[in-house]
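Working notes, beginning with the structure itself.
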Amino acid sequence: MLGIVGLKKCRLPQSLAEVFRRVGICKVPDDIAPAGIQYRLPEFPRVDFVHLSDVLNAYPDRAAFINTNTATAVAAISWMFIEWMHTRKPTILGLASGAIAGLVVITPAAGFVNIKGAIIMGVLGGIIPYFSVAAIKPKLGYDDSLDAFGIHGVAGTLGAILTGIFADPAINEAGRGLLYGNPGQLMTQLIAVGVTMLYVAVVTFIIFMLI
C-alpha cells in the first residue's frame, strides 16, 4: 500500500491523505463493530506515565491495547527520524510506513510484553524495516512494489523473535521470555519463524508453478 520509501527514485501514492486514512483504518482494533455501532474503549484508572507498567500488570487485559498504540507511535517516529538521517528529509509517507511497521512488529507481542518492551520493539520496528526497504531492496533488486516483504515480512519476523525476548509473565503468565529467565521461549520463536518461512517458500513455489 505504501510503496517505496526513502529512495530518490520512487513512485509516490496519488494521495497522501488517502494513505493516512487507510493507516488510520489499520489502527482500529479488529474487534470494533461495523460503522454506526458504538465502540467503547477499555477503561483505565488515572495514572501517570511512570506507573504505567504497574497499571498494565494490574490490568493485563488492557496491555494489548496500550502496547499496540505505543509501539505503532514509536515506530512511526523512529522511521521518520532514521529516514531524516539517511536521506536528509523526513516524509509523511515514511511516517505512515513506520506506523504500519509498528503495528506489524507488535502484533505477536501485544498481549505479552510490558510498556518498556513495546517501546523498544517500536524503535526497532521503525529502523530495521526502513533499511530493508531503503537499502537491502535496491541492492538485491527483488520485485516488491508494495513492500509487502520489506515492511510486513521483516517487521513480522522481527516481532515474532522479540516476543521470545520481552515476553513478561507479569503481563501474561502464558509467556516468559529470555529476559525473564526462559531462553527456551526465544528458541521456540526462532523455530516457529523458520518453519513459517519454509512453509511460505514451498507454497509460493507451488502456486508459481501452477500459474
Could you tell me which numbered condition ASP147 fails, if it satisfies all but one of (1) within 20 Å of THR68 (Cα to Cα); (2) modelled with pLDDT under 90? (1)
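Per-residue answers, yes or no, for (1) out of contact with any helix residue (DSSP H, G or I) (no Cβ under 8 Å at 6 or more places or on another chain); (2) at pLDDT below 95; (3) within 20 Å of THR70 (Cβ to Cβ):
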site: MET121; (1), (2), (3): no, no, yes
site: VAL133; (1), (2), (3): no, yes, no
site: GLY164; (1), (2), (3): no, no, yes
site: LEU210; (1), (2), (3): yes, yes, no
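With respect to GLY153, is the statement that it is within 12 Å of the chain's Cα centre (by Cα), under 27 Å from LYS137 (Cβ atoms) and in contact (Cβ under 8 Å) with a residue 40 or more places away in the chain true?
Working: within 12 Å of the chain's Cα centre (by Cα): yes; under 27 Å from LYS137 (Cβ atoms): yes; in contact (Cβ under 8 Å) with a residue 40 or more places away in the chain: no.
So GLY153 does not fit the description; no.
Does the stretch 164-179 hold any residues that are part of a helix (DSSP H, G or I) and open to solvent by less than 80 Å² (accessible area, probe 1.4 Å), and which are they? I'd like the intermediate steps shown before the answer.
Within the stretch 164-179, the first condition is being part of a helix (DSSP H, G or I), and the residues that meet it are 164-166, 178-179.
GLY164, ILE165, PHE166, LEU178 - these are the residues of the stretch 164-179 that are part of a helix (DSSP H, G or I) and open to solvent by less than 80 Å² (accessible area, probe 1.4 Å).
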Mind checking whether some residue in the stretch 114-125 is under 30 Å from ALA174 (Cβ atoms), touching a residue at least 40 places away in the same chain (Cβ under 8 Å) and among the basic types (Lys, Arg)? yes
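Per-residue answers, yes or no, for (1) open to solvent by 50 Å² or more (accessible area, probe 1.4 Å); (2) in a loop (DSSP other than H, G, I, E, B); (3) of a type in the set (A, V, I, L, M):
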| site | (1), (2), (3) |
| --- | --- |
| MET80 | no, no, yes |
| LYS89 | yes, yes, no |
| LEU93 | no, no, yes |
| ALA96 | no, no, yes |
| VAL105 | no, no, yes |
| ALA110 | no, yes, yes |
| GLY117 | no, no, no |
| ILE120 | yes, no, yes |
| LEU124 | yes, no, yes |
Quick check on my filter: what residues within the stretch 64-115 are in contact with a helix residue (DSSP H, G or I) (Cβ under 7 Å, 6 or more places away or on another chain) and over 26 Å from ALA135 (Cβ atoms)? ILE66, ASN67, THR68, THR70, ALA110, GLY111, PHE112, VAL113, ASN114, ILE115
Give the stretch 61-92 a look and list any residue that's within 18 Å of GLY159 (Cβ to Cβ) and either touching an Asp or Glu at 6+ places or on another chain (Cβ under 7 Å) or small (Gly, Ala, Ser) (or both), or say none. ALA63, ALA64, ALA71, ALA73, ALA75, ALA76, SER78
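So if I check each of GLN185, GLN189, which one is modelled with pLDDT of 95 or more, open to solvent by 30 Å² or more (accessible area, probe 1.4 Å) and farther than 30 Å from LEU95 by Cβ?
The conditions single out GLN185.
The values are calculated or read from the model by the stated rules, or taken from the named source; none is laboratory data. It should be emphasised that the depicted structure is a prediction, and the values quoted were computed from it without experimental measurement. Virtual Cβ from ideal backbone geometry, glycine too; neighbours counted across all protein chains shown. Only protein heavy atoms, including side chains, enter the accessible area calculation; ligands, DNA and RNA are left aside. Shrake-Rupley method; radii C 1.70, N 1.55, O 1.52, S 1.80 Å.
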